[in-house]
Each structure stands twice: as C-alpha cells, then as structure tokens.
Amino acid sequence: MTKSSNAMWGGRFAEGPDAIMEAINASIGFDRRMARQDIEGSRAHAAMLAATGIVTASDAEAIREGLITVLSEIEAGTFQYSTALEDIHMNVEARLTEIIGAPAGRLHTARSRNDQVALDFRMWVRDQADAAIDALPRLMAALVAQAEAGADWVMPGFTHLQTAQPVTWGHHMLAYVEMFGRDLGRMKDARARMNECPLGTAALAGTSFPIDREMTAAALGFDRPAANSLDAVSDRDFALEFLSAASICAMHLSRLAEELVIWSSAQFRFVRLSDRWSTGSSIMPQKRNPDAAELLRAKIGRILGAQVALLTVMKGLPLTYSKDMQEDKEQVFDAADSLMLALAAMTGMVSDMTAQKDNLEAAASSGFSTATDLADWLVRVLDLPFREAHHVTGALVKMAEDAGIDLPELSLEQMHAVEPRITADVFEVLGVRNSVASRTSYGGTAPDNVRAQAARWKEILA
C-alpha cells in the first residue's frame, strides 16, 4: 500500500500510516466544521502565552496575524485541507507554519490536542445551544399568535385520539408553548453547565508553565476554567446534555408535526397548510401532502440516535482521552443541523397555517363531547355522587347514540326516563361553547384563561 508522510510528527512516525490507517485515523473530513472555534481558541491561547511571558510579544503577534490569514482562507474556501494531517488542529497549525515560519511552533506550548479538541468541540456545541435558544422563542411566538387568534374557537380535545371534551384552539396551541418553554429552559440549563473552559489542562495533568487559565476562559466567553484536568479533557457531558435537550425538543416537534399531518387530512380538515409547506402528488391532482410535517416528524430518529450513539461511545472509556472520542462529533453535528432545520420548518408551518374554525367547532360538537359537563351538572345541581352521575350520563349517551343524535338533541322527556330530577337548566351546560366557558380553573381551557396565558407568554418572550 502507498505510504503518506506526516512531517508534523517526525521521529519514528515520520513514515506515516498506510492508506487504511490514514483513513480511519483522520477526522478532517468532518471536524473542519470547528475551524472558527479552533482559531479563536488558538488566538486566546497565544495572547495568554504572551501576557505571561511564555512567548514573546512579537511571536504572539505573528501568530495572531497568521491565524487571521488562515481563517480568511477557510472562509473564502481556498484553504487546502490534508487528510495526512488528520484533523483541523494540525491542518491549521501546518498552514500557520507555512505563513509565519518558526513562531508557529510556539503556539502549542502548554497545550495538547486533548484540551484543544475539548475546547473546540465545547465551543461549537455552545454555539449550537445559543442557536436553539434563539430559535425556540420564534416558534413559541408563532404559537402564541395562533392562540390569540383562536382564543375562543372551539375544537375537540382528545384522549386516545377519541373525542373527549371540548377545548379551545388557543388552549391547544398554548400546550405546545409550554412544551417548547421547557425545551428552552433545558437548553439554557445545558448551556450554563457547559460553560467551563478546558483550555490549559493540556494532555491530562495540567502544565508546569505559568499559564493564566482565568484569562483564556474570560477571553473565550466562559464563566470559569474547568477545575479538574482529568475531567476536562475527557468530559463530553456537554454534548450529551445538548443532545438530551435536543431529543426532547425534537419529540415535541414530532408530536406537533403528527397533529398537523392528521389535522390537514381530508378526514379532519382542521387546518390548511400553505403551499410553502405542502407538495402535490405526481399522479393524484387533488392531493396536498404535508411533506414538511412528515419529514420533521422523522427528525427525532436522527437526533435521538445521535444521543444513543454518543452514550454508547462514552460508556466504557477509562479516564482520560481515548481515540474512541474522535467518534463524538459527526452525530452531534448532524443532530444540531436536524434540530435547527426542524425548528425553522415548524416555525414556518405554524406561522402560515390556517385553522378551519367552522370545521373545528363542528367536530367539537360531535362524539358526545359534553358528557362530562352533564355528569358534573348532575353532581353540582342534583347532588348525585359522581359515580352515580357517571352511570346516569352513560345511560343518556347510549340513548342518544341509539337514536343517532347528540346529547343536546335529547328531549327533557327522554332524559326523565333515566333521571326524573333533571331540569331544563341542563341544556345550559350541554353546548360546547358553554362547556369551554365553564372551564375557568387555573390552567383550564376557558377563553379568558387562554387570553391571559397568551398575554403572559408574550411578556416572557418580549
């Protein structure tokens, strides 16, 4: 097999690995995504080395200028990546050496690739957490806008996908605002916990050079330097926490996507998705397929799969660094891409969709959805024990079902055949609008509650 040389190593490794080893060992094909973070970390490290007198100010300035040049080449797409140089760190350092010569060799003083990659990856994941923290409120605001518009629109609430009780469209929209609000909180929590700087812990034991880790941590936007060098180079909890928060968020997105798929069907006709988020059929001209929602529904598989993959990589590793940990990035990169795409797509769908008010109310009025209101009335007005009221209501539901009508269409005489004490006042609670208006307990579906909660969320999101 052909041999390739890696001059960065020298010594007994100068001949380099063969092609297969080079392919399995190299990560430049994917870790180039961390180029900006790598250069940012190197610039902070060089500035600290100069400030502590470990390298000269002139060498640090040459390194700084050279790194700016390298970054400009990367951003312009002219940078030549080399698989033989394995990863983004060695690629950047090799190019820096070509640009500025000997001073480049001083950049790696008091640093290892172990703390370097831990830093780069942590900063990259932190950026993705920031992106999610920025995107989630936009989705939540779109849902709040839907809730405000339909605060008193009646629709069926479901359990087991069976009609249960009437609720309002606004209340249903706000349920997802609560979910995504928790996702936002989880992402912020993960972001706060990951904000410790591993730079300066070197290979695993720290360094004998008089470095200033507080300086580099502050320069890179971290709250503090990581306190234990062994943990700092081997920790990937920050990525796992990000994936955990992303997985739960993707699950919520998938649930909403599933509802949009169902609701936009001809059988439900609860919502109409805009043409921006639907496609036609190649053979059936009448169809509008909710492809965006279906694709979004599937994203949870990729994101949760990434979490399981990284947990599996990490579960058997002794301290500190093992080459297994090179397999920590590709899944996280893919999961972050998938999450951001899903959040953007859902925000677009929710913003553009049109709720079909009349269809929602017609569906809410079917399926004996006010049966619970009837049972509650029997308890409240006739003082029946709830179990007896449940039995009476069940008998009345069966009577209506046998007659092919809904509960409000039963006559008072028919109701008397089951419970003679029922009065005409019962019809005040049997309408779906009366039902939702009565659910005034905190967290209930009454329109005034919905408006209050929508206003609360608007204030939070502002």
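The values are calculated or read from the model by the stated rules, or taken from the named source; none is laboratory data. From a predicted model like this one, the values you see are computed outputs, not experimental measurements. Neighbour counts are summed over all protein chains in view; Cβ atoms, including those assigned to glycine, are modelled from backbone coordinates with ideal geometry. Heads up: the accessible areas ignore ligands, DNA and RNA and are worked out on the full protein's heavy atoms, side chains in. Shrake-Rupley method; radii C 1.70, N 1.55, O 1.52, S 1.80 Å.
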TODO: Could you tell me which numbered condition L410 fails, if it satisfies all but one of (1) in contact with a Phe, Trp or Tyr (Cβ under 6 Å, 6 or more places away or on another chain); (2) buried (at least 19 other Cβ atoms within 10 Å of the Cβ)?
DONE: (1)
- [ ] Working only within the stretch 211-223, note down all residues that are in a loop (DSSP other than H, G, I, E, B), surrounded by 17 or more Cβ atoms within 10 Å (Cβ to Cβ) and touching a Cys at 6+ places or on another chain (Cβ under 9 Å).
- [x] L220, F222
- [ ] Inspect the stretch 413-430 for any residue being open to solvent by less than 10 Å² (accessible area, probe 1.4 Å), in a loop (DSSP other than H, G, I, E, B) and over 30 Å from F268 (Cα atoms) and give the result as yes or no.
- [x] yes
Open item on the list: Residue under question is V233, and the condition is that it be closer than 30 Å to S112 by Cα and among the β-branched types (V, I, T); does it hold?
Closed with: yes
Open item on the list: Can you report the number of residues in the stretch 428-445 which are aliphatic (A, V, I, L, M) and in contact with a strand residue (DSSP E or B) (Cβ under 8 Å, 6 or more places away or on another chain)?
Closed with: 2
Task: Boolean, G105 is surrounded by fewer than 18 Cβ atoms within 10 Å (Cβ to Cβ) and of a type outside the set (K, R) - done: yes
Open item on the list: For the condition β-branched (V, I, T), at pLDDT below 95 and surrounded by fewer than 22 Cβ atoms within 10 Å (Cβ to Cβ), what is the one hit in I28, I68?
Closed with: I28
Open item on the list: Being in contact (Cβ under 8 Å) with a residue 24 or more places away in the chain and crowded, with 19+ Cβ neighbours inside 10 Å is the requirement here; does S42 meet it?
Closed with: yes
- [ ] Inspect all residues belonging to the stretch 338-352 and state whether any of them is free of Cβ contacts under 8 Å to residues at least 60 places away in the same chain, farther than 19 Å from H171 by Cα, out of contact with any Asp or Glu (no Cβ under 6 Å at 6 or more places or on another chain) and in the same structural domain as A293 (by the TED database).
- [x] yes
Open item on the list: Quick check on the stretch 139-172: of everything there that is of a type outside the set (G, A, S), in contact (Cβ under 8 Å) with a residue 24 or more places away in the chain and farther than 19 Å from A362 by Cα, which residue is surrounded by the most Cβ atoms within 10 Å (Cβ to Cβ)?
Closed with: L139
TODO: Exactly one condition in (1) surrounded by fewer than 17 Cβ atoms within 10 Å (Cβ to Cβ); (2) farther than 25 Å from S112 by Cα; (3) modelled with pLDDT of 95 or more is not met by L184; state its number.
DONE: (1)
Task: Residue check for L199: assigned to a helix (DSSP H, G or I), buried (at least 16 other Cβ atoms within 10 Å of the Cβ) and among the hydrophobic types (A, V, I, L, M, F, W, C) - done: no
Task: Unmet criterion (only one of (1) at pLDDT 95 or above; (2) open to solvent by less than 50 Å² (accessible area, probe 1.4 Å); (3) of a type outside the set (A, V, I, L, M)) for S274 - done: (1)
- [ ] May I ask you to list the residues in the stretch 94-138 that are free of Cβ contacts under 8 Å to residues at least 40 places away in the same chain and among the polar types (S, T, N, Q)?
- [x] T97
TODO: Answer with yes or no whether A226 is of a type in the set (A, V, I, L, M) and open to solvent by less than 30 Å² (accessible area, probe 1.4 Å).
DONE: yes
Open item on the list: Looking at the stretch 375-401, I want the residues that are without any contact (Cβ under 8 Å) to a residue 12 or more places away in the chain and have a partner that is surrounded by fewer than 18 Cβ atoms within 10 Å (Cβ to Cβ) and of a type in the set (A, V, I, L, M) with Cβ atoms under 7 Å, at least 6 apart or on another chain. Which pairs are those?
Closed with: F386/V379
Task: Single unsatisfied condition, Q116 versus (1) open to solvent by 50 Å² or more (accessible area, probe 1.4 Å); (2) under 30 Å from E196 (Cα atoms) - done: (1)
TODO: Inspect all residues belonging to the stretch 46-58 and state whether any of them is within 32 Å of the chain's Cα centre (by Cα), crowded, with 16+ Cβ neighbours inside 10 Å and at negative phi.
DONE: no
